[in-house]
Structure formats: structure tokens, C-alpha cells
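Trainee: Have a look at this one.
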Ligand SMILES: NC(=O)c1ccc[n+]([C@@H]2O[C@H](COP(=O)([O-])OP(=O)(O)OC[C@H]3O[C@@H](n4cnc5c(N)ncnc54)[C@H](OP(=O)(O)O)[C@@H]3O)[C@@H](O)[C@H]2O)c1
């Protein structure tokens, strides 16, 4: 059994798997901004693409073979930001090599795959962080405090709608069953499921309606999930790729409501948040920088990250229970 990797000087060497949107926009700057982290390398299917990307964003080493990347002792951790179905083999290979993992959401395409990943991570004893980055946004922290606090009186109900109009032709892999089973619900709905779990605990009942009315492809275009939580809170969400972009979140208590628009996501235009009609100002922050810092802290201290294995496993199980097939 390989021991979890540690560096002599405590610096965490991080390699990134994937060269896509989230890596370019969020993870490269976040790792560079994290004290105690060092960006070591990047993996692509294509070495020339990896080289061009690495030169552009300033990453020293490039790989087109995960096995070779994992043999580099300077790699203590990986950030897995590839299509959902690839998370499973990549996370298992990393864990088996003693390499810590920050895995993008959703954990992978199937509940069985999540189970295999959880087994490998537990066996290896490496740190595993789930990429539920919204938890690191100040706005979402504030919403959670209000939902769990006294301001609204007893909370019974929440609902959210999150949509982005994404034609199938503009997607690379989310409509491809071999690369993932979640489209609208995996793009954005999974974040709301995580938010509800973070606020209200583990749901005791899951109902769902999953449809593909426009393109009729294999993966969901309009997904509604209704969760019932211990104590009776009901929370519903709709995720869609059919309508122009935007989102709303409402939390209702016996004494009033929290109403939010365009706060689910990063740097959205015209965000607003009111509690019982009073606007609440929240200082914007960089969720990904805080997520990577939390990952590095968890590795260094051997304590859990803010979002971990169970959050990944439970979330995919909820999407399955809602009807993703
Ligand atoms: N936390 C968040 O809010 C958030 C936001 C966006 C995405 N994500 C998650 O991050 C992961 C990546 O999403 P993304 O939006 O960055 O996707 P993307 O832009 O399509 O990038 C995915 C990357 O994976 C690599 N890849 C390997 N096999 C591939 C295949 N068969 N088809 C397409 N790409 C392939 C590609 O790099 P090479 O071409 O160099 O191999 C590609 O650049 C997903 O799990 C997604 O759910 C999370």
C-alpha cells in the first residue's frame, strides 16, 4: 500500500487534469494564488495542446499519460477537471498512487462509480475534496446562515431555478453518454442539491422529473427535484439548459422569506439578495481560491475539507433517485 504523499517542506505540488473552461478560468489562478501550493503540471489528451496551454498560463510540466504524471514524486495532489465519467478512473488511479484529490462535481456519472471511488480513497487514506465550490462564496455562506438561523422564523420551504440556454451543438461532452449522464442537473442542479444538503441535512425523501423535450438526447435538459428533509422542510430545484441564463433562490419561513437572484454562480450580473424585504450586501469573493486553500489546508493538517467524499456520493445518489438513468 502506497502512503499518502507529503513533501519535505510542506509545499503541496498540484497537477491539473484537463485543460478546459474551469481550469483556465478558475483553477490555474486559484492554485497560483494559494500560499503553500505549487502548480507542477497539466494533463491533456494531446501533448501539443497541453504544451500550448501550459506555456500560455505558466505551468511547468505537461503530460498526456496519467500514469506517468502520477509517477512524478513532485505531484502530491491532483485537481480532476475532466468530463464526469473520467473522474472515476482518474481518481482511483490517483488514490492508488497516494495522491490527494480535489474532484470536480458531480463526483462521477453513476452511484456504483462513486462507490468504487470512495473505496479507493478510503483504502489509500488520501485527502479527497469535492468541488462544491459554491460553499465558498460569501453569498452562499450568508444564505446558509439565514436559512439555519432565526431571522425567517421556522423555515419550511425553499425553491430554486437555475438555467442556461445551451444548445447541444455547443456542448463538448455533456450530451455524450460515454462521458457523463448529467447535463442540466450536472452542470448546475448538483450545486443546488449540495446547498440544500448543506443547509438542511440529509434528505429523507427524493422525487424527481427528468425530461429531454428539445433535443431528446440521452441526458437531461429540464430536471426538477423535490427533497424532503428531517423535520419536514421541503426544498425543490429546477435545472435547465433550455432558457436564457439566470437563477433564483427563495427560502420561506413562518416570519418571512429570503429572495435571491443571480447569486448561484460566480461574478453574475445584477445579483440581489433580500431578507424579509431588506437588501443584504455581501462582499464578493473568489470561491475557487478559497476552495484550493481549503484543500491544501486539509492535506497539510489531515483534517477534512469543507466538502468531501460523502457529499459527492450522496449527491449522485440523489440525482439517481430523482430519475437520472
Ligand atoms: N465547480 C464548478 O462550478 C464547475 C464549473 C464548470 C465545470 N465544472 C466541472 O469541471 C469538469 C470539467 O468541466 P469544464 O466545463 O471545464 O469542461 P470542458 O471545458 O469541456 O473541459 C474538459 C476538459 O477535459 C479534457 N477531456 C478529456 N477527455 C475529454 C473528452 N472526451 N471530451 C471533452 N474533453 C475531454 C479536455 O482537455 P484536453 O482536450 O486537453 O484533453 C477538456 O478541455 C466537469 O466535471 C464539470 O462538471 C465545475
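Trainee: Determine which member of the set 311, 255, 220 is under 27 Å from residue 31 (Cα atoms) and either surrounded by fewer than 19 Cβ atoms within 10 Å (Cβ to Cβ) or at pLDDT 95 or above (or both).
Mentor: 311
Trainee: While we're looking at this one, here's another question. So, in the range 53-77, exactly how many residues are loosely packed, with under 14 Cβ neighbours inside 10 Å and away from the ligand (no atom under 14 Å from the Cβ)?
Mentor: 6
Trainee: Could you list all residues from the range 283-308 that are surrounded by fewer than 20 Cβ atoms within 10 Å (Cβ to Cβ), within 16 Å of the ligand (Cβ to nearest atom) and assigned to a loop (DSSP other than H, G, I, E, B)?
Mentor: Passing the criteria: 284, 285, 286, 306, 308.
Per-residue answers, yes or no, for (1) at pLDDT 95 or above; (2) more than 27 Å from residue 325 (Cβ to Cβ); (3) surrounded by 18 or more Cβ atoms within 10 Å (Cβ to Cβ); (4) touching a strand residue (DSSP E or B) at 6+ places or on another chain (Cβ under 8 Å):
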site: 108; (1), (2), (3), (4): yes, no, yes, no
site: 124; (1), (2), (3), (4): yes, yes, yes, no
site: 127; (1), (2), (3), (4): yes, yes, yes, yes
site: 134; (1), (2), (3), (4): yes, no, yes, no
site: 153; (1), (2), (3), (4): yes, yes, no, yes
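Trainee: Run residue 89 past the list (1) outside any helix (DSSP H, G or I); (2) out of contact with any strand residue (DSSP E or B) (no Cβ under 6 Å at 6 or more places or on another chain); (3) more than 27 Å from residue 8 (Cα to Cα) and report the number of the one that doesn't hold.
Mentor: (1)
Trainee: For residues that are assigned to a strand (DSSP E or B) and touching a strand residue (DSSP E or B) at 6+ places or on another chain (Cβ under 7 Å), tally how many sit in the range 250-278.
Mentor: Summing the residues that are assigned to a strand (DSSP E or B) and touching a strand residue (DSSP E or B) at 6+ places or on another chain (Cβ under 7 Å) in the range 250-278 gives 13.
Trainee: Continuing with the same structure: (1) under 21 Å from residue 308 (Cα atoms); (2) buried (at least 20 other Cβ atoms within 10 Å of the Cβ); (3) in contact with a helix residue (DSSP H, G or I) (Cβ under 8 Å, 6 or more places away or on another chain): which one isn't true of residue 187, the others all being true?
Mentor: Of the numbered conditions (1) under 21 Å from residue 308 (Cα atoms); (2) buried (at least 20 other Cβ atoms within 10 Å of the Cβ); (3) in contact with a helix residue (DSSP H, G or I) (Cβ under 8 Å, 6 or more places away or on another chain), the odd one out for residue 187 is (3).
Trainee: Then there's this: Name the pairs: first residue in the range 280-291 and within 10 Å of residue 266 (Cα to Cα), second residue at pLDDT 95 or above, Cβ to Cβ under 6 Å, at least 6 apart or on different chains?
Mentor: Partner pairs satisfying both residue conditions: 285/138; 287/133; 287/136; 287/137; 288/26; 288/30; 288/133.
Trainee: Regarding residue 263, is this residue at pLDDT 95 or above, within 22 Å of the chain's Cα centre (by Cα), over 24 Å from residue 209 (Cα atoms) and surrounded by 16 or more Cβ atoms within 10 Å (Cβ to Cβ)?
Mentor: The answer is yes for residue 263.
Trainee: What are the residues in the range 41-52 that are touching a residue at least 24 places away in the same chain (Cβ under 8 Å) and more than 7 Å from the ligand (Cβ to nearest atom), if any?
Mentor: Correct list: 41, 42, 43.
Trainee: Now for a separate question. List the number of the failed condition for residue 178; all other conditions in (1) away from the ligand (no atom under 11 Å from the Cβ); (2) farther than 19 Å from residue 272 by Cβ; (3) surrounded by fewer than 15 Cβ atoms within 10 Å (Cβ to Cβ) hold.
Mentor: If we test residue 178 against (1) away from the ligand (no atom under 11 Å from the Cβ); (2) farther than 19 Å from residue 272 by Cβ; (3) surrounded by fewer than 15 Cβ atoms within 10 Å (Cβ to Cβ), just (1) comes out false.
Trainee: Continuing with the same structure: Can you name the residue in the range 14-34 that is surrounded by fewer than 21 Cβ atoms within 10 Å (Cβ to Cβ) and touching a residue at least 40 places away in the same chain (Cβ under 8 Å) and, of all such residues, is farthest from residue 86 (Cα to Cα)?
Mentor: In this case the residue turns out to be 33.
Trainee: Can you pull out every residue in the range 239-282 that is within 16 Å of the ligand (Cβ to nearest atom) and closer than 19 Å to residue 150 by Cα?
Mentor: Within the range 239-282, 249 is the sole residue that qualifies.
The values are calculated or read from the model by the stated rules, or taken from the named source; none is laboratory data. For clarity, every value in this text was computed on a predicted model and none was experimentally measured. We place every Cβ from the backbone using ideal geometry, glycine too, and count neighbours over all the protein chains shown.
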